Ligand code: FAD
């Protein structure tokens with residue numbers, strides 16, 4: 001990775017597009033933080049912002065409320081995440097209609113995690129959609145939606161092998177998915193190999209890397225172990241000893257994520273999806289480094305020049 005090579009390419013921000021992922025807030029305090037984040041990131045003009053959907057429909061109302069507020073109070077284009085968990089087809093179809101009536105044109109279609117928790121066996125609802133591919137088919141039948149789906153550069157933990165994963169991704173693409181967004185990863189070689197193998201498997205939709213800025217290394221390491229993402233030794237080394245030093249931790253985290261994104265740009269990637277964790281600081285800094293600026297910042301910069 002070479003930041004100096006990047007610094008000679010000031011035009012890069014014109015070529016890179018970003019999207020941001022939020023989760024629906026559970027408390028008034030979390031709600032306030034989310035809206036501070038949305039307000040700070042809105043001027044960066046993301047392609048879309050997505051709002052996650054909780055297991056077992058537990059946040060269905062909250063997801064709908066958040067999506068509605070984004071539609072009503074911002075210039076942003078929301079994408080509603082949908083899962084198949086614990087819901088019959090007609091229930092899922094009714095939620096899709098509700099979103100479409102609101103003006104939602106983009107969805108992120110997922111099977112979802114088992115209702116009993118990650119690590120337990122997934123049991124589809126007897127009258128439900130069995131997986132992401134079936135949900136994509138249903139969405140495509142319901143309207144001309146932009147549909148994102150998931151992809152796993154390090155294999156989905158439930159999947160016996162990569163071939164099974166590529167088979168599912170191909171079914172999602174064949175059923176009408178517009179793009180795949182990956183689970184977060186820290187090793188760009190794994191992502192590049194995954195995209196090459198997907199192309200060889202006949203999957204041609206864009207595979208957008210999901211980038212997770214490391215707000216808290218200990219939490220990210222625990223979460224990575226659960227979802228099968230590798231935490232390379234060099235990453236652990238970078239954050240070693242910073243548990244009680246949030247300022248340095250944040251500086252290191254923005255450098256790590258910017259390096260990762262810049263390296264992917266060098267490899268020809270132009271679209272990035274950021275898992276914001278409803279926090280603006282790191283994502284805003286990383287976007288700034290890759291040349292994605294608010295018009296206000298650009299205007300202030302040229303006035304000062
Ligand atoms: P699918 O695409 O249907 O399947 C994924 C892979 O798992 C397949 O490739 C297949 O090989 C394997 N698989 C599926 N079913 C089985 C089975 N029964 N037996 C063996 N292997 C199987 N979760 C949420 O709850 N809410 C969200 O909003 C949400 N957003 C996400 C956004 C992104 C970009 C990503 C990458 C993940 C998100 N998740 C979310 C997590 C996701 O729901 C879980 O990873 C879930 O376990 C799989 O859902 P999927 O849509 O990827 O499944």
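All of the numbers you see were taken from the coordinates with simple rules; none came from a lab. All of these numbers come straight from a predicted model, not from anything done at the bench. Heads up, the Cβs are rebuilt from the backbone with ideal geometry, glycines too, and the neighbour counts pull from every protein chain shown.
Within the stretch 72-86, track down each residue that is out of contact with any helix residue (DSSP H, G or I) (no Cβ under 6 Å at 6 or more places or on another chain) and in contact (Cβ under 8 Å) with a residue 12 or more places away in the chain. Once the filter is applied, which keeps residues that are out of contact with any helix residue (DSSP H, G or I) (no Cβ under 6 Å at 6 or more places or on another chain) and in contact (Cβ under 8 Å) with a residue 12 or more places away in the chain, the stretch 72-86 yields 75, 77, 79, 81, 82, 83. Residue 270 meets each of the listed conditions (1) over 21 Å from residue 113 (Cβ atoms); (2) surrounded by fewer than 20 Cβ atoms within 10 Å (Cβ to Cβ); (3) over 17 Å from the mean Cα position of the chain (by Cα) apart from (3). Taking the stretch 151-179 as the range and being under 20 Å from residue 261 (Cβ atoms) and within 8 Å of the ligand (Cβ to nearest atom) as the test, the residues that pass are 151, 152.
Of the residues making up the stretch 116-128, those that are near the ligand (Cβ under 8 Å from one of its atoms) and in contact (Cβ under 8 Å) with a residue 40 or more places away in the chain are 118, 124.
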